[in-house]
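The values are calculated or read from the model by the stated rules, or taken from the named source; none is laboratory data. Fair warning: this is a prediction, and the values are worked out from it, not measured in the lab. Cβ placement follows ideal geometry from the backbone for every residue including glycine, while neighbour counts extend to all protein chains displayed.
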Amino acid sequence: MLLNFVLGNCRSISKFGVPVRSMVVTGGHRQKTQLESLQEGVDVLIATPGRFMYLIKEGFLQLSNLRCAVLDEVDIVFNDEDFEAALQSLINSAPVTTQYLFVTTTLPLGIYNKLVEDFPACQVGMAPGMHRISPGLEEVLVDCRGDDRSEKSPEMTFTNKKSALLQLVEGSPVPKTIVFCNKTCRKVENVLSLFDRSGTCVQILPFHSALAQESRLANMKEFTNSHSEKVAQFLVCTDRASRGIDFPGGDHVILFDFPRDPSEYVRRVGRTA
């Protein structure tokens with residue numbers, strides 16, 4: 001996950017400069033271990049909103065010396081009630097001198113206006129690659145409309161997209177493919193399972209809310225760390241995999257369903273190239 005990626009960067013940087021103590025606090029890990037590490041003191045804390053709010057509420061986290069707070073993916077989470085509650089807890093607990101840094105891949109006007117309203121002194125810095133896809137990315141549009149004379153329905157659309165997916169699986173297999181869906185994850189998993197009933201050519205790794213967190217993390221770890229020239233891995237996922245996760249080695253990204261929010265396109269295709 002992205003939290004561990006950030007942690008790794010913090011530790012790498014500390015080797016070549018001033019040593020800093022950094023740690024991750026998130027659900028799905030032993031709370032006792034995290035609390036023991038916090039008691040020893042920390043310079044950089046990397047947290048999810050839920051675990052952060054718990055630590056503040058229970059008095060396990062003191063922010064009286066906080067200098068800077070970095071909040072990622074604000075274009076996605078800024079309208080989320082849980083995130084807003086976590087942000088308010090942060091503001092209430094931190095010194096007034098704390099600097100806030102908001103990071104985002106895209107910057108919709110509504111989010112920009114809300115940031116300026118809540119933080120009038122906020123300044124915008126635009127990175128060169130913002131709102132852009134990787135220059136090494138090749139995009140291919142596959143026409144799944146079918147015959148002009150055929151009936152147009154959600155079922156027929158799925159059938160056409162299924163055929164296109166199987167043509168790619170059979171004709172251009174690669175080690176690692178990420179398939180993004182909106183609500184069709186299970187149906188896509190079934191399509192791939194029926195294609196390779198023996199499971200010798202295709203490995204299906206779901207990553208969406210229908211699975212428990214432990215299963216999702218295990219599948220992501222398998223997709224990230226394993227490699228086989230004989231078995232093609234398919235990470236079938238929702239936008240959950242386009243946010244807060246960093247992994248190398250994705251060969252193809254398939255948008256089986258086009259994102260409801262056009263800004264998600266940049267995140268989805270950013271999982272490769």
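Some notes on this structure:
- Across the stretch 170-179, the number of residues qualifying as at pLDDT 90 or above and not in a loop (DSSP other than H, G, I, E, B) comes to 4.
- Unique residue being outside the structural domain of Asn219 (by TED's automatic domain parsing) and touching a residue at least 24 places away in the same chain (Cβ under 8 Å) when the list is Val140, Val188, Val124, Val103: Val103
- Residue within the stretch 37-53 that is touching a residue at least 40 places away in the same chain (Cβ under 8 Å) and in contact with a helix residue (DSSP H, G or I) (Cβ under 6 Å, 6 or more places away or on another chain) present: yes
- Filter pass, Arg149 being without any contact (Cβ under 8 Å) to a residue 12 or more places away in the chain, farther than 23 Å from Ser228 by Cα and in a loop (DSSP other than H, G, I, E, B): yes
- Residue in the stretch 75-98 that is among the hydroxyl-bearing types (Ser, Thr, Tyr), in contact with a helix residue (DSSP H, G or I) (Cβ under 9 Å, 6 or more places away or on another chain) and farther than 24 Å from Gln31 by Cα present: yes
- Flag for Leu166 being part of a loop (DSSP other than H, G, I, E, B), under 30 Å from Ile204 (Cα atoms) and out of contact with any Leu (no Cβ under 8 Å at 6 or more places or on another chain): no
- From Val25, Val42, residue being under 23 Å from the mean Cα position of the chain (by Cα) and under 19 Å from Arg11 (Cβ atoms): Val25
- Residue ID - modelled with the lowest pLDDT, chosen from residues in the stretch 3-45 that are under 21 Å from Ile56 (Cβ atoms) and of a type in the set (Gly, Ala, Ser): Gly28
- Some residue of the stretch 22-33 being without any contact (Cβ under 8 Å) to a residue 12 or more places away in the chain and either among the polar types (S, T, N, Q) or in contact with a Ser or Thr (Cβ under 8 Å, 6 or more places away or on another chain) (or both): yes
- Selection status of Ile133, outside any helix (DSSP H, G or I) and either of a type in the set (Asp, Glu) or buried (at least 18 other Cβ atoms within 10 Å of the Cβ) (or both): no
- Inside the stretch 152-169, residues that are touching a residue at least 24 places away in the same chain (Cβ under 8 Å) and out of contact with any helix residue (DSSP H, G or I) (no Cβ under 8 Å at 6 or more places or on another chain) make up a count of 2.
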